[in-house]
Structure formats: structure tokens, C-alpha cells
Amino acid sequence: MSGPLGIVAGGGSLPRRLVEVCQANGRGAFVIAIENHTDPATVEGADHLWIRMGQSEKAVQALKGAGVKDLVLVGAVKRPSMTELRPDRKTFKFLAKIGFNSLGDDGLLGAVVKGLEDEGFTLRGIEEFVHDLLAAEGSFGRNQPDETAWRDIRRGIDVVRAMGAADVGQATVIQDGLVLGVEALEGTDALLARCGPLRRAGPGGVLVKLSKPGQERRADLPTIGVKTVEGAAAAGLRGIAVEAGGTLVVDLPAVTLAADRAGLFIVGISHEAATGAAAG
């Protein structure tokens, strides 16, 4: 690896954490910051360029000019409509070629990754640089799922796998075998807020969050953080299940402490369980 690490930064704290790792190891970073998505604190002390969504030509030229070879896409970015995008000529030609409106989120992301590789960049996952992010298998804190919760987890796996095959979302909330909600464009936080009023009597439901079958794993892996735990608790859930080795956990100690304080379990389930084998 040579040259600064290129970072296309969306929202949240992970892009800044990656910048700090690059600064600490002396490699340096060049950040493409996206208007209305990237936290301004992300680019502090780092070489960077602000662009609006749709200015891919400007971004590619800047990355090449900075000597970037390796590139990481990290952070939340809400998918825009074509009207909101206002694509430059390069972006418009790319979107017309791939059929922007005919692709789901992962299909679009895969096309973006291929397009960047065609420009000569090597796409890498953030976990290659920040080594404590991937969820491990097993329970994170002191709380454990019981057999009723495991039944909801298994039901959630089936639902998310079906959603993922259609390139729809990464998460669902299940209570007593019933689907209270599924994630689409709104994201996990909004899913949890929607499901709170739908809670039924009895033990609370479970959030199940997994990567999609065949998902591009160098970007947009499922992610949870303290806010996810707080949203799950506010929605009356009793736990969260994520894919071990396939989910990013932002600040594991803080997430575990928040879950313990809220009385929630968090469990990392194996890839085999997440893709259909029996869990529990």
C-alpha cells in the first residue's frame, strides 16, 4: 500500500475514526466529504475536498491528484433521487449505463465499486484498517436470548434473507413470530421508531440485522452503535441479533454497556446461522 488512503466519507463517526487511524500510522488520508452527509469534524486536520452528491468527476480527479490508490467507502449516505443528485456529465453517463432507477441499494453500490475499480482504485473495507469493528460470535454482555427469543431470531433470519434476495434492506423486527417492521430506505433508527407503537403484549421483540446474500462487503456492511441500542430499548425490544464477522459495531465497550444497562441482549450469530442453518 502506498500513498494516502482515500476515504469517501458519509455520515456518522466511523469516517473520522478511520482518518485518525491514518493520521496515527503516518500514512495520511485524503477525504472526499459529501455535502449534507459528512460531519464537518471528519475532515479536521486532513486533506479533503467537499463535493455535492453527483460530482464524481471532480472527486475522481482530486483522488488521483492526491496519489490515492486504495479507497474506502464508509459512513451513512441516503440514496438520492435523480432530481436531488444533479449529476455531472461523468455521473450521468455512469447512471444511464447501469440503469439507476432499476437497481436496489446493493446493486447500485456494486456498480459504484466496479466503476471506481475501473478508474484504477483498489476498494478496501474499513475493517482492514480499524481492527476491532467486526462483531464476534456469541453474546456481547451479561444478557442472553432465551428459546423464545431464538425463535424470533430464526424467523428474522428468514425474513432478512428474503428481503436481501430482493435487495431491499438489512433488518427486521420480530415479536412472537410476527414481523413488526422491515427496513427499507428509512434506515434502522427509523425502523425501530416505527415498531415501538406496534409492540404487542408479552416479551419484547428482537431486531435482526444481517448482510444481504452476495452483498458487496467492502462497503455498507450492517452497522450498530449505542444509538441502535437506545432505539431498541425505546421500542420495547429485548434484544438485537447481528451477523458475526459481517456487522460493524461502533465502540463495542459502549454498546455492550448500553445493552447491559437497558437489560437487552446482543448476540453475534455465525455466518452459517445467518445464511440459513439452525441457530441456538
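The values are calculated or read from the model by the stated rules, or taken from the named source; none is laboratory data. Just so you know, these numbers come straight off a predicted model, no measurement behind them. Glycine gets a Cβ as well: all are built from the backbone with ideal geometry, and neighbour counts include every protein chain shown. Side chains are part of the model used for accessible areas, which takes the heavy atoms of the whole protein and leaves out ligands, DNA and RNA. Shrake-Rupley method; radii C 1.70, N 1.55, O 1.52, S 1.80 Å.
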Practice prompt. Figure the gain on full extension for residue 118 and residue 25 (residue separation times 0.36 nm, minus the Cα-Cα span) and round it to one decimal in nm.
Written response: 30.7 nm
Discussion item. If each DSSP helix of 4+ residues adds -39,500 (n - 2.57) and the sum is divided by the residues in the chain, what number results at 222 nm, nearest 500 deg cm²/dmol?
Written reply: -10500 deg cm²/dmol
Worksheet item: Nearest 0.05, what FRET efficiency do residue 128 and residue 165 give at R0 = 25 Å with Cβ-Cβ as r?
Response: 0.35
Worksheet item: Of the listed peptides 245-258, 16-29, what is their order by residue-averaged count of other C-beta atoms within 10 Å, with the highest listed first?
Response: 245-258, 16-29
Worksheet item: What is the packing order of peptides 216-225, 54-63, 181-190, taking the mean over residues of other C-beta atoms within 10 Å and listing the highest first?
Response: 216-225, 54-63, 181-190
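State the antiparallel share, in %, of DSSP beta bridges confined to the chain, rounding to the nearest 5.
If I count the DSSP bridges inside the chain, around 30 percent turn out antiparallel.
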Discussion item. How far apart, in nanometres, would the label points at residue 194 and residue 44 be if each is projected 7 angstrom from Cα along the Cα-to-Cβ direction?
Written reply: 3.6
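Give the accessible surface of region 128-252 per residue, rounded to a whole number of Å², with probe radius 1.4 Å and ligands, DNA and RNA excluded.
Values: 5310 Å² over 125 residues.
Dividing the accessible area of region 128-252 by its residue count gives 43 Å².
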Practice prompt. Under a 10 Å cutoff between Cα atoms, tell me which one of 44, 137, 243 has the largest fluctuation in the Gaussian network model of the chain.
Written response: 44
Discussion item. Tell me the per residue accessible area of region 7-78 using a 1.4 Å probe; a whole number in Å² is fine.
Written reply: 45
Worksheet item: Suppose R0 equals 41 Å; then what is the FRET efficiency for residue 69 and residue 201 from their Cβ-Cβ distance, rounded to the nearest 0.05?
Response: 0.15
Worksheet item: In whole percent, what relative contact order does the chain give with Cα contacts below 8 Å and a gap of six or more residues?
Response: 17
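Just subtract the alpha-carbon distance of residue 217 and residue 254 from 0.36 nm times their residue separation and send over the number in nm, one decimal. Numbers along the way, then the final one.
Working: separation 37, 0.36 × 37 = 13.32 nm, distance 2.46 nm.
Taking residue 217 through residue 254 to full extension adds about 10.9 nm, to one decimal.
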Worksheet item: How large is ³J(HN,Hα) for each residue in region 25-38, as worked out from phi by the Karplus curve 6.51 cos²θ - 1.76 cosθ + 1.60 (θ = phi - 60°), to whole Hz, x for Gly and Pro?
Response: 8, x, 6, x, 9, 10, 9, 8, 9, 9, 3, 6, 10, 7
Discussion item. Let me make sure I get this right: for region 134-280, a, b and c are the square roots of the gyration tensor eigenvalues over alpha carbons, sorted descending. Under 1.5 in a/c it's rounded, otherwise prolate if a/b > b/c, else oblate. Which is it?
Written reply: rounded
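Using a probe of 1.4 angstrom, how much of the accessible area of region 5-78 is carbon and sulfur, in percent? Walk me through the intermediate numbers first.
On the way: 1640 of 3210 Å².
That fraction is 51 percent.
Which whole-number percentage describes the relative contact order of region 135-204, with Cα contacts under 8 Å and a sequence gap of 6 or more? Numbers along the way, then the final one.
Values: 59 pairs, mean separation 15.5, N = 70.
Dividing the mean separation by the residue count of region 135-204 yields 22 percent.
Hey, any idea what % of region 171-280's accessible area is carbon plus sulfur with a 1.4 Å probe?
Numbers: 2420 of 4280 Å².
With neighbouring chains kept in place, the figure for region 171-280 is 57 percent.
Taking a threshold of 29 Å on the Cα-Cα distance, which of the pairs 78/212; 69/90; 114/212; 64/93; 93/227; 69/93 fall above it? Numbers along the way, then the final one.
Details: 78/212 18 Å; 69/90 20 Å; 114/212 18 Å; 64/93 20 Å; 93/227 38 Å; 69/93 23 Å.
Check vs 29 Å cut-off fails for 93/227.
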